[in-house]
Amino acid sequence: MDVLQIAESIIDKNLSNGIDDAFFVLDLEEVKRKYEYWIQKIPRVVPYYAVKSNDDERVMKLLRDVGAGYDCASKKEISQILNLNVDPNRIIYSNTIKQVSHIMYAAEKGVDKITFDSAPELEKIKQHYPNAKVVLRIFNLGFKFGCDHEKEAPKLIKLCKDLDMNLIGLSFHIGSFTNDHTVYVRAFETTRKLFDYAETLGMKLNFIDIGGGFGGKDLSVFDNYAASINAGIEKYFPSNDVEIISEPGRFFVDTAFSVATQVILKKPSEDGQIYYYVNESIYMSFLTMFLYKVNLKFSVIRKSKKEHEPKNLLSSIWGCTCNSMDKIIGDRMMPEVEMGDWLVFFNMGDYTTATSTKFNGFNSLNVFISDDIENL
Ligand SMILES: Cc1ncc(COP(=O)(O)O)c(C=O)c1O
């Protein structure tokens, strides 16, 4: 069964039980396919799944079973992963801004790979987790995170030595700031220089974390990044004694989730368009899509009884909260639908369930996989 068939079965079963809530459909096989693709394309780089992108337990268990690690940003994320019986060794605590109690929790649980990008954060880690294996995050592309690789990084490496902290390596997160995939070759070159500098201080680094930011919708884009990453590794870190990891989030989940929403109101608007209102919202699953102006794709499942010849009309799709900004799609030609029809939006896995709020009393949505249909 494809996603639309699964969604329709869930809609039918739910409606027969009086349930008309929006819901997610998760294709776990897609997550697995992505993992296999990653391993095939960049075998030297072990993915540590960025839990922040989507903390669905079935996704995290699947990734555990195939051998991934995890990038956690907080105590809660670390505990979620440890509760899945994952070895603390397979976790990196990658948030460069940490609360003391969260550092102490990591220390208690033996999650020892911890990222920092400033002297005060390093001193905080020294005080509360002196045996941590620290990882210095370089490059400050957006100012909030990272440090300048020329001016600050050498000083921070030296500070690790002075504080007798176990600096194991460097990290960077180029993310989606650039479309220039060759940036990875230059990043590995910089990393090599800093490794060499550390060696002059008698410190042997053996760990690199290349961050996340890889989209999973267009694999030809990923292929370009993979080629650049492989070229950088081959040129600057050919030997296997350096462990290389990454923190991909959306790569694994973006295409694996779809959200099915019901059209709960249709009305003509004074500006000549048709306005549709669905039981979803920018305060629920569509926040990230709204902020980043993502071009949303959807298909229609017709459930209304109204017979007509569907035509394309200028339309907008609004969310169900009372906020007047809550518009999911604006001013687009789309097939005419009716109240009671369903719209299934694709590529909804990354930063959707994870950023959903309870605004206006709407709860987070159920996530179904095909196996769940039998148990509805
Ligand atoms: C440091 C770091 N690592 C990993 C990620 C995951 O990014 P993505 O889901 O785009 O792969 C992020 C996202 O913000 C990040 O800031």
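The values are calculated or read from the model by the stated rules, or taken from the named source; none is laboratory data. Values in this document were obtained by computation on a predicted structure and should not be read as measured data. No Cβ is skipped: glycine too gets one built from the backbone with ideal geometry, and neighbour counts run over all protein chains shown.
The condition of being at pLDDT below 95, away from the ligand (no atom under 16 Å from the Cβ), loosely packed, with under 14 Cβ neighbours inside 10 Å and of a type outside the set (Val, Ile, Thr) holds for only one of Asp196, Asp180, Asp162, that being Asp180.
Looking across Pro43, Pro120, one residue alone is farther than 14 Å from Phe252 by Cα and part of a loop (DSSP other than H, G, I, E, B). It is Pro43.
Among the residues making up the stretch 308-361, a single one is free of Cβ contacts under 8 Å to residues at least 60 places away in the same chain and either outside the structural domain of Ser269 (by TED's automatic domain parsing) or aromatic (Phe, Trp, Tyr) (or both): Trp318. Residues considered: Thr191, Thr261, Thr255. Of these, the only one that is surrounded by 14 or more Cβ atoms within 10 Å (Cβ to Cβ), modelled with pLDDT of 95 or more, within 16 Å of the ligand (Cβ to nearest atom) and more than 19 Å from Tyr48 (Cα to Cα) is Thr191.
Of all the numbered requirements in (1) hydrophobic (A, V, I, L, M, F, W, C); (2) assigned by TED's automatic domain parsing to the domain that holds Val183; (3) at pLDDT below 95, Leu291 misses one, and that requirement is (2). Among the residues making up the stretch 74-104, a single one is within 13 Å of the ligand (Cβ to nearest atom) and part of a helix (DSSP H, G or I): Glu77. Of the residues making up the stretch 281-293, those that are out of contact with any Phe, Trp or Tyr (no Cβ under 7 Å at 6 or more places or on another chain), among the hydrophobic types (A, V, I, L, M, F, W, C) and in contact (Cβ under 8 Å) with a residue 24 or more places away in the chain number 4. For the stretch 137-179, a residue qualifies if it is over 30 Å from Val294 (Cα atoms) and either small (Gly, Ala, Ser) or in contact with a Cys (Cβ under 7 Å, 6 or more places away or on another chain) (or both), and the qualifying residues are Ala153, Leu156, Leu167, Gly169. Each residue in the stretch 90-116 was checked for being over 20 Å from the mean Cα position of the chain (by Cα), surrounded by fewer than 19 Cβ atoms within 10 Å (Cβ to Cβ) and over 12 Å from Ala132 (Cα atoms), and 3 of them qualify. Within the option set Gly175, Gly212, Gly216, being within 16 Å of Val135 (Cα to Cα) and within 12 Å of the ligand (Cβ to nearest atom) holds for one residue only, Gly212. Scan Ser364, Ser315 and give me the residue that is part of a strand (DSSP E or B) and either away from the ligand (no atom under 16 Å from the Cβ) or within 17 Å of Leu265 (Cα to Cα) (or both). One residue alone meets the criteria, Ser315.
Scoring Val185 on the criteria (1) at pLDDT 95 or above; (2) more than 23 Å from Ser118 (Cβ to Cβ); (3) touching a Phe, Trp or Tyr at 6+ places or on another chain (Cβ under 6 Å) leaves a single failure, condition (3). For the stretch 43-56, does any single residue satisfy the condition of being closer than 28 Å to Gly169 by Cα, away from the ligand (no atom under 16 Å from the Cβ) and either surrounded by fewer than 22 Cβ atoms within 10 Å (Cβ to Cβ) or in the same structural domain as His128 (by TED's automatic domain parsing) (or both)? Yes, the stretch 43-56 contains at least one residue that is closer than 28 Å to Gly169 by Cα, away from the ligand (no atom under 16 Å from the Cβ) and either surrounded by fewer than 22 Cβ atoms within 10 Å (Cβ to Cβ) or in the same structural domain as His128 (by TED's automatic domain parsing) (or both).
Checking each residue in the stretch 314-373 for being on the phi > 0 side of the Ramachandran plot and surrounded by fewer than 17 Cβ atoms within 10 Å (Cβ to Cβ) picks out Asp331, Gly340, Asn360, Gly361.
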